[in-house]
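The values are calculated or read from the model by the stated rules, or taken from the named source; none is laboratory data. What you see is a predicted model, and the numbers here were worked out from it, not measured in a lab. Reconstructed Cβ throughout: ideal geometry from the backbone, glycine too, with neighbour counts over all protein chains shown.
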Amino acid sequence: MDRFLFFCCLCFFLPLQFFAQVPAIQSAINALDKDPAMQSANWGISVIDLQTGELIASHQSKRSLSTASSMKAITSGTALLMLGPDYQFETYLEYTGTLTSDSVLQGDLYIRGTGDPTLGSDRLDEAYGIEKLMAKWGEAVKAAGIKRIEGLVIGDATAFSTQMTPGNWGWEDMGNYYGAGASGLCFHENYYTLFLKPGTRAGYSTKVIRTYPAMDDIRFVNELTTGAPGSGDQAYIYGSPYTYLRYLRGSIPAGLPSFAIKGSIPEPAYLCASMLVDHLATCSIKVTDGASTVRREKLAYPQSKQKRTLIHTHLSPKLSEIVVPLNMKSINLYAECLLNAMARFKGKKGSTQEGVAVVEAFWKEKGIDTQGMYMRDGSGLSPNNAVSTFQMAHILNVIAKSDHYAAFEQSLPLAGRSGSLKGMLKGTAAEGRLRAKSGFISGTRAYAGYVNTQAGTHLAFSMMANNFSCGPGAMRRKFERIMARLGAGK
C-alpha cells in the first residue's frame, strides 16, 4: 500500500509531458513507417534529449543513409569546435626578386591563398567584393613602393590540392556554380554569371552575351534551346576544373530580354591574378608578363623556391560569420574549403581525403562510433556520403554541450523564418522553435538540428530518407509532420 501511495504522489508532481512526449513522437514515427511511400525506402530517425543524452525516439537509427546537404551540419559544427569561431583565412601579397631604387620590381608578385571562400565575394560585406578587394591590393602595392613589375602576377593556390572537386562528384554538377570546387586561392566564390539571350519562341536557339567576371579564355559550345515562357532554368553547364571549354545544354525560358545562369570558374587563382593585373594597369602600374599561377608555372618549367617578401595580409570574416551563409544558403564551396582548412590546421595537406580523415578522427576522439560513417566530401553533394541518424544526432549532442554551440545553432535555418525552412512549418508548434540543416539531392531528403519544444525540453534530431516512392515535396511534408510533433514535444 505504501508503494502505491508513493507512486500516486510521484505521478501528481511529474509534468504530463513526462508521460506523453516519447510515445507521441514515436507514434508519429511509427505511422510514417506504415506509409505506402516508405515501403521501398531506406530511412531513419533519431531524437536525443539534450539534457539526458538519451535516445528517446528512433527508427532504424543505426542504418547508414545518404545525407545530402545535411552533411554540412557535421562539417560546419566540426570546424567551429576545431578551429574556433574567431578563425580567419589569410591571403597574402608577396613578391620575389629585387625592388630597385626607381620602384621597379624585377621579379614576380604573388597572391598566396589559404582557401578563403569569401575572397572577392560581397555576400557577407561589400568590403570583401571584387572592386573593394582590388582597390585595397592596389594601394598595398603602391605602399610597398612598386610602380612597375617586370615579371608576373602569380596566383598561388598550393595551400590546397590541385584536385579542386572531390573524385565522386557528378559530371552534371562540376561545371555549374554549386559544383565549384575548393581552391587554395578562391575568388568570387569560384563562380561566374553567364548572361544569355533566349529566342523569341520555344524551340529557338539562344545566344551567349557575356560573363561576369569577364574571362577571355573561356569558350562555350552553346546547345541551349529556348523553352516555353515560365519554364524556368533548365540549363546546365558541363566542364571540369582547369578546362576552358564549356558545353551548354538544356533550355532557358522565352519571353525575357536576357537570362542568367551560373557556372564554376575553371581556375579561380588565374582569374584572381588576371583581375589584379588589370586593376594595377588602372593604377599606372604595368605588369610586363601578365598573369599566371603556380600550377601553370610548374607545368612550364621546374620551380625553385625563392624567398618572398610579404607586403600585405588580407583577413576573411570570422568563421562564426562564414558558417551562417554556409548553412542558411547551403553553399557547397564554403563547406569544402572548411574541410580542407581543417586538414591544414592539423598539419596535413589541404585536400578532401585529408579533411575527411581529420574529421572522422576528431569525432572518434569525442566518443562517436564512426563505423558505417562514409564521408566523401564536406558539403553532401556526393551521393556516396552515408551517415546514420544516430551518429548525426550524437554529433549534434556533443556540439550542443560545447562552448561554440550558440554560433552553430544560430547558423541553422529557423522553421518558418529563415533559410531553407522559411516556408516550412508555419503555424505549427515548431515554427520559431526548430532549427535544422536540410538536405536534398535526387532520391534523398534529410534534416538535422535542434528544437526547443513547447513542453520545455531541448532535443537534437536527425532524419534521412533515401529511395522513397513519392515526390520530393511529398517526402518533405511527411517529415514536416514529425518535426511539428517535435516542436510540440507531446
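Only one residue in Ser402, Ser388, Ser418 is assigned by TED's automatic domain parsing to the domain that holds Ile368, under 20 Å from Ser330 (Cβ atoms) and within 24 Å of the chain's Cα centre (by Cα), so which one is that?
Residue meeting the stated conditions: Ser418.
Only one of (1) closer than 30 Å to Ala140 by Cβ; (2) in contact with a Ser or Thr (Cβ under 8 Å, 6 or more places away or on another chain) fails for Phe187. Which number is that?
So the condition that Phe187 fails would be (2).
Do we have Pro85 as buried (at least 19 other Cβ atoms within 10 Å of the Cβ), touching a helix residue (DSSP H, G or I) at 6+ places or on another chain (Cβ under 6 Å) and not basic (Lys, Arg) here?
no
Of all residues being of a type in the set (Lys, Arg) and over 16 Å from Ser70 (Cβ atoms) in segment 363-402, which is surrounded by the fewest Cβ atoms within 10 Å (Cβ to Cβ)? Just the residue, please.
Lys401
Val208 passes all but one of (1) more than 22 Å from Ala281 (Cα to Cα); (2) free of Cβ contacts under 8 Å to residues at least 24 places away in the same chain; which number fails?
(2)
Quick check, is Ser101 outside any helix (DSSP H, G or I), over 30 Å from Val359 (Cα atoms), polar (S, T, N, Q) and over 16 Å from the mean Cα position of the chain (by Cα)?
Yes.
List the pairs whose first member sits in segment 314-334 and is over 19 Å from Tyr177 (Cβ atoms), whose second member is modelled with pLDDT under 95 and buried (at least 20 other Cβ atoms within 10 Å of the Cβ), and whose Cβ atoms are under 8 Å apart, counting only residues at least 6 apart or on separate chains?
Ser316/Tyr128; Pro317/Tyr128
Quick check on segment 48-56. Is at least one of its residues part of a strand (DSSP E or B) and closer than 30 Å to Ile154 by Cβ?
No: zero hits.
Being surrounded by fewer than 20 Cβ atoms within 10 Å (Cβ to Cβ) and hydroxyl-bearing (Ser, Thr, Tyr) is the filter here, so list the residues in segment 403-419 that pass it.
Once the filter is applied, which keeps residues that are surrounded by fewer than 20 Cβ atoms within 10 Å (Cβ to Cβ) and hydroxyl-bearing (Ser, Thr, Tyr), segment 403-419 yields Tyr405, Ser418.
Between a first residue in segment 75-93 that is closer than 12 Å to Asp403 by Cβ and touching a residue at least 12 places away in the same chain (Cβ under 8 Å) and a second residue that is crowded, with 18+ Cβ neighbours inside 10 Å and of a type in the set (A, V, I, L, M), which pairs have beta carbons less than 6 Å apart while being 6 or more apart in sequence or on different chains?
Note: pairs meeting the criteria are Leu80/Ala407; Pro85/Leu319; Pro85/Ala407.
With the requirement that a residue be part of a loop (DSSP other than H, G, I, E, B) and not hydroxyl-bearing (Ser, Thr, Tyr), what does segment 163-184 give you?
Scanning segment 163-184 gives Gln163, Met164, Pro166, Gly167, Asn168, Trp169, Gly170, Gly175, Ala180, Gly181, Ala182, Gly184.
Do we have any residue at all in segment 312-325 that's surrounded by fewer than 16 Cβ atoms within 10 Å (Cβ to Cβ) and either of a type in the set (Val, Ile, Thr) or in contact with a Leu (Cβ under 7 Å, 6 or more places away or on another chain) (or both)?
yes
In segment 253-311, which residue that is of a type in the set (Phe, Trp, Tyr) and within 29 Å of Lys197 (Cβ to Cβ) is surrounded by the fewest Cβ atoms within 10 Å (Cβ to Cβ)?
Here the residue is Phe259.
Can you find even one residue in segment 17-30 that is of a type in the set (A, V, I, L, M, F, W, C), in a loop (DSSP other than H, G, I, E, B), at pLDDT 95 or above and over 24 Å from the mean Cα position of the chain (by Cα)?
No: segment 17-30 contains no residue that is of a type in the set (A, V, I, L, M, F, W, C), in a loop (DSSP other than H, G, I, E, B), at pLDDT 95 or above and over 24 Å from the mean Cα position of the chain (by Cα).
Could you check segment 60-98 and list, in sequence order, the residues that are outside any helix (DSSP H, G or I) and within 22 Å of Val324 (Cβ to Cβ)?
Answer for segment 60-98, where residues must be outside any helix (DSSP H, G or I) and within 22 Å of Val324 (Cβ to Cβ): Thr67, Gly84, Pro85, Asp86, Tyr87, Gln88, Phe89, Glu90, Thr91.
Check off (1) over 19 Å from Gly439 (Cα atoms); (2) out of contact with any Ser or Thr (no Cβ under 8 Å at 6 or more places or on another chain); (3) aromatic (Phe, Trp, Tyr) for Tyr95 and give me the number that stays unchecked.
Among (1) over 19 Å from Gly439 (Cα atoms); (2) out of contact with any Ser or Thr (no Cβ under 8 Å at 6 or more places or on another chain); (3) aromatic (Phe, Trp, Tyr), the lone unmet condition for Tyr95 is (2).
For every residue, the table says whether it meets (1) charged (D, E, K, R); (2) farther than 18 Å from Tyr334 by Cα; (3) assigned by TED's automatic domain parsing to the domain that holds Thr352.
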residue: Met373; (1), (2), (3): no, yes, yes
residue: His394; (1), (2), (3): no, yes, yes
residue: Ala406; (1), (2), (3): no, yes, yes
residue: Leu412; (1), (2), (3): no, no, yes
residue: Lys422; (1), (2), (3): yes, yes, yes
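Among the residues of segment 374-382, is any in a loop (DSSP other than H, G, I, E, B), in contact with a Cys (Cβ under 9 Å, 6 or more places away or on another chain) and more than 18 Å from Ser46 (Cβ to Cβ)?
The answer is yes, given that some residue of segment 374-382 is in a loop (DSSP other than H, G, I, E, B), in contact with a Cys (Cβ under 9 Å, 6 or more places away or on another chain) and more than 18 Å from Ser46 (Cβ to Cβ).
Exactly one condition in (1) under 17 Å from Met82 (Cβ atoms); (2) without any contact (Cβ under 8 Å) to a residue 12 or more places away in the chain is false for Trp363; which is it?
(2)
Can you name the residue in segment 230-259 that is under 25 Å from the mean Cα position of the chain (by Cα) and among the polar types (S, T, N, Q) and, of all such residues, is nearest to Met215 (Cα to Cα)?
Thr243
Determine, yes or no, whether Leu119 is under 22 Å from Cys283 (Cα atoms), within 17 Å of the chain's Cα centre (by Cα) and outside the structural domain of Gly350 (by TED's automatic domain parsing).
In short, yes.
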